[in-house]
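Input: a single structure, listed below in structure tokens.
Read-outs: derived from the displayed coordinates by stated rules, not from any lab. What you see is a predicted model, and the numbers here were worked out from it, not measured in a lab. Positions of Cβ are backbone-derived with ideal geometry, glycine not excepted, and every protein chain shown enters the neighbour counts.
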Amino acid sequence: MRIVDIRPTTVAVPLEAPLRHSNGAHWGRFVRTIVEVEADNGLVGLGEMGGGGESAEAAFRNLKDYLVGHDPLQLEALRWKIANPTASLYNNRVQQLAAIEFACIDLVGQHLGVPAHDLLGGRLRDEVPFASYLFFRYPDPADGSGEVRTIDQLVEHARKLKAEHGFTVHKLKGGVFPPGYELACYRALAEALPGDRLRYDPNAVPSVEEAIRFGQAVEDLDNDYLEDPTWGLAGLRRVRERVRIPLATNTVVVDFEQLAANVLQPAADVVLLDTTFWGGMRACVKAAAVCETFQLGIAVHSSGELGVQLATMLHLGAALPNLTLAADAHYHHLRDDVIEGGKLSYTGGRIRVPTGPGLGVRLDRDRLARYADLYRELGSYPYDRDPGRPGWYPLVPSDRWADPLTAVDKPVDK
């Protein structure tokens, strides 16, 4: 089996409402590049990559000469062919490698008639548990619905998600409003959802001192962890010395050199494995084995996935023996998907692991075309800018918080 072609397609899939975060916002849609890798036996493998609101089509087209003629089974050779770390200062292709690896594993699984998790070591669980992912949100420009800004709106949104999807773990994406206000929000969630577990992720923008104050103020709650409560391994170590809550990261332990540093001088107790950021499913399996050896916790991270990448997260979650924490997913914020059958469903806060060959999901051609057209209509957006605050940009540590008392009185630009 040899690769004969690669076809990238950028899509824009609408969200229920624009999602706010410490660096800016998702402007009412996820912009993702879907990658189809075709083999000489007629099979097509699927991959997916984000891009901070921008298309990655050109970057994938530029890899065609690297890929044509390559055997999809030769995944280690693929890594060195397109993502040699000594060349990464000029051409960092780790996330492209991930998308192509997804497609190659999909091809191999289809060719052999086995699901992707069997190629990762076998399925240990049939379902993967997920946390609700709670964002502060601007209202949908179309009808004004979906805003999450006040404490009451946040609690109502969390209760609705729990009722619809069965979540028992809840993650608040912070770093938007002043830390004191987000602390009140977090404690309100705990009071409204007794017996459920919580996580807080301010995207590393608080100072070390602010992170310590926040952490000590919530030590009495049922916390899974604080995710990136401040920036850097040194900052996390300082917080870890003063706060009795596990710390997690998806920003400063995203490769094996950083993982080694974290093992030698512990800063994060939980490493969040992202199938894109780490360079594919295989790298995440390797990292999970290191974490198992040194008794570090793991969870599956979310980077704004559609159904193709979600399938990789499910196969990864099915195969990891040391996965004891619920995965993250932006997925419930989406209005639709590009896979056959539309969005995968939650039952009891869990999603079933696909059992079909390869990734077990296939593209819905009509949906793909519809959302490719929508991307051509709306274009890209800057992930690190806030459409509700023109000219604003963040600092780290941040003191440029949004005002929770200020409602948006005009639609957010699409």
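Distance between Cα centroids, segment 148-219 to segment 54-83: provide it in whole Å.
40
Which of the helices in the chain, when you take each full DSSP H run, stretch at least 24 Å along the axis at their Cα atoms and have an average Kyte-Doolittle score of 0.0 or higher?
Span-like helices in the chain: 94-112.
Dipole of segment 121-363, Cα-centred, from +1 at each Lys and Arg C-beta and -1 at each Asp and Glu C-beta, to the nearest 20 debye?
Dipole of segment 121-363, to the nearest 20 debye: 380 debye.
Here are some values of mean projected area of the Cα convex hull in nm²: [x] 18.7; [y] 21.2; [z] 48.1. Which one was computed from this structure?
Structure-derived value, by its label: [x].
Toward the positive end of the charge dipole of the chain, about the Cα centre and with charges on Cβ (Lys, Arg +1; Asp, Glu -1), which of Thr355, Ala261, Ala369 goes farthest?
Farthest towards the positive end: Ala261.
Run the dipole for the chain about the Cα centre, Lys and Arg Cβ at +1, Asp and Glu Cβ at -1, nothing else charged, and hand back the magnitude in debye, nearest 20.
180
Of all DSSP beta bridges in segment 121-363, what percent run antiparallel (nearest 5)?
20
Taking neighbour counts of Cβ atoms within 10 Å as a proxy for exposure, in what order, fewest first, do Glu340, Glu227 appear?
Glu340, Glu227
Relative contact order for segment 121-363 using alpha-carbon pairs under 8 Å, separation at least 6, rounded to a whole percent?
Averaging sequence separation for qualifying contacts and normalising by length gives 21 percent for segment 121-363.
Take Phe135, Phe294, Phe102 and order them by how many other Cβ atoms sit within 10 Å, fewest up front.
Phe294, Phe135, Phe102
Taking Cα centroids, how far is segment 349-375 from segment 252-305 in Å?
Using only Cα atoms, the two centres lie 26 Å from each other.
Can you put Thr33, Thr86, Thr406, Thr276 in order, fewest other beta carbons within 10 Å first?
Thr86, Thr406, Thr33, Thr276
Output the antiparallel fraction of DSSP beta bridges having both residues in the chain, as a percent to the nearest 5.
Antiparallel bridges: around 55 percent, rounded to the nearest 5.
Per-residue counts of other Cβ atoms within 10 Å, averaged by peptide: what ranking do you get for 306-318, 260-272, highest first?
306-318, 260-272
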